[in-house]
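**Q** What follows is a single structure, and I will ask about it in a moment.
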Amino acid sequence: MPKTLVIVVDRDNDVGVKAGIITPVVGRDNVLKAANQVLLADPEEADGNAMMGAIKVYNQLKAEGEDVEIALIAGSEESGIKADTRIRNQVASLKERLKFEEVILVSDGVEDEEVLPIIYGFSTVRSLVRVVVKHSKNIEESYIILGKYIRMALYDSRYSKYFL
């Protein structure tokens, strides 16, 4: 069975900015420590949840006897070319160091998934796992109320001026 790297990508480097983490971070215990640092710095940070999701994937594969490693990499808060170049350099370093043959990308959203072409340059992608944080009931209720006001403004001209 090929060696698999479970990789979490933080393209905009929230882990570095918010928690002072320098990437790449390799190994289950190190990624867990990084996730705790991020979540303690900002409990609402989706990257911390993505790291926990990656650890869950890693644990499942390890329990099934697979040859697997886990890593966290980050780009730059400036995003774009600078972030992608930093990510490419980290993936290249991990490829040389860990000799993985395939990748499972764990992501918290579309922006982090934009690095897939970079990863394809070094390995096959076995799977993409998106970790979506469940929302609050209060937020859901706010959307319902907002929807009612929008419908009222669309169908009753008396309210449209207030909505605008």
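The values are calculated or read from the model by the stated rules, or taken from the named source; none is laboratory data. Predicted model, so just to flag it, every value in this text is computed and none were measured. Ideal geometry is used to build each Cβ from the backbone, glycine not excepted, and the neighbour counts take in all protein chains shown. Note: accessible area is taken over every heavy atom of the protein model, side chains too, but ligands, DNA and RNA are not part of it. Shrake-Rupley method; radii C 1.70, N 1.55, O 1.52, S 1.80 Å.
**Q** Please go through region 49-79 and pick out each residue that is under 16 Å from the mean Cα position of the chain (by Cα) and free of Cβ contacts under 8 Å to residues at least 24 places away in the same chain.
**A** Once the filter is applied, which keeps residues that are under 16 Å from the mean Cα position of the chain (by Cα) and free of Cβ contacts under 8 Å to residues at least 24 places away in the same chain, region 49-79 yields only 56.
**Q** Applying the selection to region 35-54, what residues are open to solvent by less than 50 Å² (accessible area, probe 1.4 Å), among the acidic types (Asp, Glu) and more than 17 Å from residue 77 (Cβ to Cβ)?
**A** The answer is none; no residue qualifies.
**Q** Now, a different point. Could you count how many residues in region 1-34 are surrounded by fewer than 16 Cβ atoms within 10 Å (Cβ to Cβ), within 22 Å of residue 116 (Cα to Cα) and modelled with pLDDT of 95 or more?
**A** 3
Yes/no matrix, rows are residues, columns are (1) in a loop (DSSP other than H, G, I, E, B); (2) out of contact with any helix residue (DSSP H, G or I) (no Cβ under 6 Å at 6 or more places or on another chain); (3) open to solvent by less than 70 Å² (accessible area, probe 1.4 Å); (4) modelled with pLDDT under 95:
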{"site": "88", "(1), (2), (3), (4)": "no, no, no, no"}
{"site": "94", "(1), (2), (3), (4)": "no, yes, yes, no"}
{"site": "97", "(1), (2), (3), (4)": "no, yes, no, no"}
{"site": "100", "(1), (2), (3), (4)": "yes, yes, yes, no"}
{"site": "103", "(1), (2), (3), (4)": "no, no, yes, no"}
{"site": "111", "(1), (2), (3), (4)": "no, yes, no, yes"}
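**Q** Here are the criteria: (1) open to solvent by less than 60 Å² (accessible area, probe 1.4 Å); (2) at pLDDT below 95; (3) hydrophobic (A, V, I, L, M, F, W, C). Tell me which single one residue 144 does not satisfy.
**A** In the conditions (1) open to solvent by less than 60 Å² (accessible area, probe 1.4 Å); (2) at pLDDT below 95; (3) hydrophobic (A, V, I, L, M, F, W, C), residue 144 misses (1) alone.
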